[in-house]
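Before any comments, here is the structure.
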Amino acid sequence: MITLYHHPYSRAANVVWMLEELGLPYELRFVDILKGAQKAPEIVAKNPMGKIPIVTDGDVVVTESAAIALYLADRYSLGKLAPAPDDPARAPYLRWALFAPSVIEPGMVARSSGAEFKPGQVGWGTYESMIAAMESAVRGRSFILGDRFSMADCVFGGTVRYMLRFKLLEATPTFTAYADRLAARPAARRADEANARVAKEHGLG
């Protein structure tokens, strides 16, 4: 049984979508991050950063949402949600799955905080070049890999959905249409319902 250490208002919410896409049985273990429960010894023993999401799969422990996505897809959906290593689609799959946490997230934080960096010193270059790159990933295609949905869409697309929801990203026609396609997926709907259910159970707004 896969266990996801989870809070519905954290990156773990997106991992629920990944698990639903895979069709795997899983258990959600609520971690009250609003009360600092992610710093409890049990959590820190699994992730020294004291953060969630954490996935345990038997004796395997995986942290960091993009790593979780790649691990799960490779183990349980290789050749389907994860392109095989000899598939040319593997390159853009990895590129955009890792672009989200390594470029988009820090770039957005820098933008919102007003921090200033020289473009050559940071992975996102300029905000404008980052947005242009993001749009190029899905412009004129349904998903990252064209008509083929992959786990990269859970990572990259999950980031786009989150940032549109909280108005951290301009709702351009490209981003909006992509997010709508993702939200319409049955697995995404089930995940949204699961996260909402956990939020209600724990009295969260």
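For Ala152, are the conditions met, namely being assigned by TED's automatic domain parsing to the domain that holds Met18 and touching a residue at least 60 places away in the same chain (Cβ under 8 Å)?
Judged against the criteria, Ala152 is not a match.
Yes or no: Leu164 farther than 28 Å from Asp32 by Cα, within 17 Å of the chain's Cα centre (by Cα) and at pLDDT 95 or above?
No, not satisfied.
Which residues, counting only those in segment 125-156, are of a type in the set (Asp, Glu) and modelled with pLDDT of 95 or more?
Glu135, Asp147, Asp153
I need the full set of residues from segment 30-49 which are without any contact (Cβ under 8 Å) to a residue 40 or more places away in the chain and touching a strand residue (DSSP E or B) at 6+ places or on another chain (Cβ under 6 Å), in order please.
Val31, Asn47
What residue, of Ala91, Ala97, is surrounded by 17 or more Cβ atoms within 10 Å (Cβ to Cβ), within 22 Å of Met151 (Cα to Cα) and aliphatic (A, V, I, L, M)?
Exactly one residue qualifies, and that residue is Ala97.
Please work out which residue is surrounded by the most Cβ atoms within 10 Å (Cβ to Cβ), limiting yourself to segment 117-133 and to residues that are β-branched (Val, Ile, Thr) and assigned to a loop (DSSP other than H, G, I, E, B).
The selected residue is Val122.
Kindly indicate whether Thr159 is modelled with pLDDT of 95 or more and among the β-branched types (Val, Ile, Thr).
Yes.
Residues of segment 180-205 being free of Cβ contacts under 8 Å to residues at least 40 places away in the same chain, of a type in the set (Gly, Ala, Ser) and within 16 Å of Ala13 (Cα to Cα), which ones?
Residues satisfying the conditions are Ala183, Gly205.
From the set of residues in segment 134-171 that are over 21 Å from Val15 (Cα atoms) and among the acidic types (Asp, Glu), which is surrounded by the fewest Cβ atoms within 10 Å (Cβ to Cβ)?
Only one residue fits best here, namely Asp147.
Run Thr174 past the list (1) under 16 Å from the mean Cα position of the chain (by Cα); (2) closer than 18 Å to Leu145 by Cβ and report the number of the one that doesn't hold.
Failed condition: (1).
Quick one: is Val122 more than 18 Å from the chain's Cα centre (by Cα) and either in the same structural domain as Pro53 (by TED's automatic domain parsing) or farther than 21 Å from His7 by Cβ (or both)?
Against the criterion (more than 18 Å from the chain's Cα centre (by Cα) and either in the same structural domain as Pro53 (by TED's automatic domain parsing) or farther than 21 Å from His7 by Cβ (or both)), Val122 qualifies.
For segment 50-72, check the following and say yes or no: at least one residue is free of Cβ contacts under 8 Å to residues at least 24 places away in the same chain, in the same structural domain as Arg197 (by TED's automatic domain parsing) and under 23 Å from Gly205 (Cβ atoms). Show your work before the answer.
In the first step, residues of segment 50-72 are kept if they are free of Cβ contacts under 8 Å to residues at least 24 places away in the same chain; the result is 50-51, 58-63, 67, 71.
Keeping just the survivors that are in the same structural domain as Arg197 (by TED's automatic domain parsing) gives 50-51, 58-63, 67, 71.
Right, trim to under 23 Å from Gly205 (Cβ atoms) and you get 51.
Within segment 50-72 (the criterion being free of Cβ contacts under 8 Å to residues at least 24 places away in the same chain, in the same structural domain as Arg197 (by TED's automatic domain parsing) and under 23 Å from Gly205 (Cβ atoms)), the answer is yes, since at least one residue qualifies.
The values are calculated or read from the model by the stated rules, or taken from the named source; none is laboratory data. Nothing here was measured: the structure is a model prediction, and the numbers come from that model. Neighbour counts run over all protein chains shown; Cβ positions are idealised from the backbone, glycine included.
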